[in-house]
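J.: Below you'll find the structure I mean.
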Amino acid sequence: MKDIENVARGYKAAIKNRNVSDEGRLHAEEELKRIQSNETPSEGGLSDDEARHNKNVARGLKAATHNPNVTDVGKQQARNRLESMGEHPERPAD
């Protein structure tokens, strides 16, 4: 889990950094306001970045189940992890 104070420091630094785009500064300001007001992130308690990360992990695990270079044990581990994430992986013909 991230330390919220360190996250806030990062957003403050981004706001003051002149090399950060206007869009990036605006995003940092919004996130900093959300943190300071103690709002919880949307989407089941996950921030947009965390939700995107989880989707990318699931996508990679699904790819591993279809990759002929992955061992049978590796494919089974990927399927098990997908199931623990609430996904229902199909079983391709190996």
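The values are calculated or read from the model by the stated rules, or taken from the named source; none is laboratory data. Since the structure is predicted, the reported quantities are computational estimates derived from the model, not experimental observations. In this analysis, Cβ positions are derived from the backbone assuming ideal geometry, glycine residues included, and neighbour counts consider all displayed protein chains. Surface areas here come from the heavy atoms of the whole protein model, side chains and all, with no ligands, DNA or RNA. Shrake-Rupley method; radii C 1.70, N 1.55, O 1.52, S 1.80 Å.
J.: If we count every other residue with Cβ under 13 angstrom of R59's Cβ, Lys/Arg +1 and Asp/Glu -1, where does the sum land?
T.: Charge balance in the 13 Å sphere: +3.
J.: Give the Rg/Rh ratio for the chain, taking Rg as the radius of gyration of the Cα atoms and Rh as the Kirkwood radius, to two decimals.
T.: A ratio of 1.17.
J.: Straight distance only, please: which lysines reach the Cα of K75 with their own Cα at less than 21 Å, same-chain residues fewer than 8 apart left out?
T.: Within reach: K55, K62.
J.: In nanometres, what is the gap between the two model label sites at H53 and R9, each 7 Å from Cα along Cα-to-Cβ?
T.: 1.8 nm
J.: Tell me, what % of the accessible area of the chain is carbon and sulfur with a 1.4 angstrom probe?
T.: C and S fraction of accessible area: 48 percent.
J.: Counting only heavy atoms of protein chains, what accessible area per residue, in Å², does the chain have with a probe of 1.4 Å?
T.: 78 Å²
J.: What is the helix-to-structure angle for 72-84, meaning the angle in degrees between its Cα long axis and the longest Cα principal axis of the chain, kept from 0 to 90 and rounded to the nearest 10?
T.: 50 degrees
J.: Could you sort K75, K16, K62, K55 by their accessible area in this structure, using a 1.4 Å probe and putting the largest first?
T.: Correct descending sequence by accessible area is K16, K55, K62, K75.
J.: Here is a follow-up. When the solvent-accessible surface of protein heavy atoms is calculated with a 1.4 angstrom probe, in what order do R79, R9, R91, R18 fall, highest first?
T.: The ranking, largest first, comes out as R18, R91, R9, R79.
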